[in-house]
1. When you scan segment 571-595, how many residues do you find that are within 18 Å of residue 325 (Cα to Cα) and in contact with a helix residue (DSSP H, G or I) (Cβ under 6 Å, 6 or more places away or on another chain)?
2. So residue 155 clears everything in (1) over 26 Å from residue 209 (Cα atoms); (2) in a loop (DSSP other than H, G, I, E, B); (3) touching a helix residue (DSSP H, G or I) at 6+ places or on another chain (Cβ under 9 Å) except one condition, right? Which one?
3. Could you check segment 458-558 for helices (runs of 4 or more DSSP H) lying wholly inside it with 3 or more residues that are at pLDDT 90 or above and crowded, with 20+ Cβ neighbours inside 10 Å?
4. In the list 265, 258, which residue meets the criterion of being surrounded by 23 or more Cβ atoms within 10 Å (Cβ to Cβ) and modelled with pLDDT under 75?
5. Report yes if residue 447 is buried (at least 21 other Cβ atoms within 10 Å of the Cβ), within 21 Å of the chain's Cα centre (by Cα) and closer than 23 Å to residue 87 by Cβ, otherwise no.
6. Of the residues 413, 354, 406, which is within 21 Å of residue 524 (Cβ to Cβ) and at pLDDT below 85?
């Protein structure tokens with residue numbers, strides 16, 4: 001790499017320039033220091049601190065300065081949602097659009113290691129890669145095992161077909177000479193020969209590729225001298241180990257920066273506290289002032305933060321300065337009354353103008369456990385709660401159409417509808433591929449990238465026609481399916497796909513729900529005597545991550561023990577010895593307690609809170625209210 005790469009610097013002039021293209025950006029001393037930093041360092045950013053905004057600003061500056069046609073900037077995230085947010089925000093900046101194509105790469109961490117490590121390694125070994133999808137692959141493998149009796153009797157399911165280590169270390173105590181073990185291995189082997197892999201296997205093959213091909217680290221550093229990782233706290237230990245291997249020897253002074261908040265690591269919760277050392281690294285830069293919430297909420301949420309750094313809330317105060325952040329102590333059987341009390345408190349805390357102004361953020365009721373079979377969950381507080389209403393991975397193609405319709409209704413952008421429907425069609429292509437299925441920055445582009453260049457115009461036109469067609473009756477849906485299979489007949493195994501439950505009609509049961517107003521699912525409506533209206537939206541803590549609320553109520557749920565009750569000392573600012581379960585509880589409730597701009601409430605059974613506990617909670621800043 002030429003010497004000029006070492007001399008890239010972000011100057012005061014660049015800072016002034018980025019203010020002109022991002023006029024709403026707020027830059028203080030610590031954020032300017034982060035923008036200018038061009039070393040391998042982590043950025044530990046509290047909720048609402050604008051970390052993604054800072055990252056986008058830095059990418060815009062670098063895009064403006066970038067001069068290399070065959071070396072790029074790599075931006076990685078844990079989820080497609082985070083990736084899509086970065087792409088959307090960069091795409092709105094003319095200079096940022098340059099980063100959305102070669103030589104740059106914006107994608108998930110999984111897609112990065114698949115594309116640049118696992119796939120090249122497997123293909124170099126003569127092994128095709130046709131589909132990467134854990135659920136689909138293990139389902140197929142499990143279906144080919146004819147000796148399941150012993151496995152099922154020992155509590156094992158299809159995921160036993162996803163090895164823990166290469167080549168065949170299984171999550172089961174089973175002798176390698178047994179018929180059952182050999183049968184599982186045979187199913188896995190045949191699946192791999194067909195080019196079918198789980199996400200975990202691709203990570204393992206990425207590691208194997210790095211071990212076998214030492215030159216890979218040097219090539220990746222040359223190809224991507226700068227890597228940024230967003231939402232870094234949700235990255236698994238094994239992935240950090242892969243990055244450590246890549247950067248063990250910095251051949252070109254290449255570097256990577258990771259942005260995140262270790263207190264919010266709830267998607268891949270660490271089993272052991274010592275694993276936290278992977279993020280943030282020592283000497284991380286801090287962004288601890290948040291524009292999301294008022295100072296009182298920052299103080300209360302700091303109590304459950306595992307990181308010793310304390311947040312500062314800088315949200316402008318609301319009209320009513322004495323908002324009461326309340327813990328509702330309820331008697332058994334009064335769970336639904338708690339919800340009514342929370343609604344009353346919202347009306348009491350905000351003016352009519354504020355309720356209208358912040359309606360887009362909404363008022364939410366969250367629980368750590370939302371599926372409550374034989375335990376305590378969100379449904380204890382709202383009998384009509386449906387934990388399946390917002391599936392992250394729809395089971396049927398028609399579900400993608402429903403979601404697309406809802407999203408376009410809410411956001412008014414046809415492009416969102418296009419992408420959601422494309423995701424469903426792309427999943428179908430990956431399930432029944434006739435040819436190699438390619439990946440791109442979006443599902444729609446992935447489909448176009450898969451087809452031959454001379455067919456792309458035809459496919460594009462056909463897909464857009466499908467997205468404008470009616471599909472809400474069974475006959476209309478059959479026409480849609482026929483159209484899709486004919487349009488993509490060169491790329492999908494039509495007969496196998498046609499018989500898959502994934503394509504079957506199930507719309508009748510959802511029509512009323514979506515037609516009337518899907519936004520009302522898991523929602524309870526309230527209106528006060530002045531005519532003000534609010535909607536309380538119920539959901540899991542995990543579903544709220546990354547969102548901002550006007551008001552949040554976090555309710556008691558049960559996982560082995562009561563979750564909020566188990567962390568009572570932290571709720572009053574007094575930490576105790578940590579265990580694995582309380583570590584997870586604290587991270588989950590930190591996320592929940594950092595959503596609200598103006599009002600934060602909890603609900604805990606009164607029998608679980610002693611007189612001394614109540615004194616400590618009030619001393620820390622909570623208002624207590626008894627609910628019968």
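The values are calculated or read from the model by the stated rules, or taken from the named source; none is laboratory data. Because the structure is predicted, anything quoted here is derived from the model rather than measured. Ideal geometry is used to build each Cβ from the backbone, glycine not excepted, and the neighbour counts take in all protein chains shown.
1. 7
2. Condition (3) is where residue 155 drops out.
3. Values: elements: 474-487, 494-498, 508-517.
It comes to 474-487.
4. The conditions single out 265.
5. Details: buried (at least 21 other Cβ atoms within 10 Å of the Cβ): yes; within 21 Å of the chain's Cα centre (by Cα): no; closer than 23 Å to residue 87 by Cβ: yes.
In short, no.
6. On the way: 413 fails: within 21 Å of residue 524 (Cβ to Cβ); 354 fails: at pLDDT below 85.
Unique residue meeting the criteria: 406.
A quick yes/no check of all residues on (1) in contact (Cβ under 8 Å) with a residue 12 or more places away in the chain; (2) within 22 Å of the chain's Cα centre (by Cα); (3) loosely packed, with under 15 Cβ neighbours inside 10 Å; (4) farther than 30 Å from residue 58 by Cβ:
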site: 108; (1), (2), (3), (4): yes, yes, no, no
site: 117; (1), (2), (3), (4): yes, no, no, no
site: 121; (1), (2), (3), (4): yes, no, no, yes
site: 129; (1), (2), (3), (4): yes, no, no, yes
site: 156; (1), (2), (3), (4): yes, no, no, yes
site: 171; (1), (2), (3), (4): yes, no, yes, yes
site: 179; (1), (2), (3), (4): yes, no, yes, yes
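Residues are listed down the side, and each one gets a yes or a no for (1) closer than 30 Å to residue 579 by Cβ; (2) surrounded by 22 or more Cβ atoms within 10 Å (Cβ to Cβ); (3) in the same structural domain as residue 27 (by TED's automatic domain parsing); (4) at pLDDT below 95:
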site	(1), (2), (3), (4)
313	yes, yes, no, yes
324	no, no, no, no
329	yes, yes, no, no
347	no, no, no, no
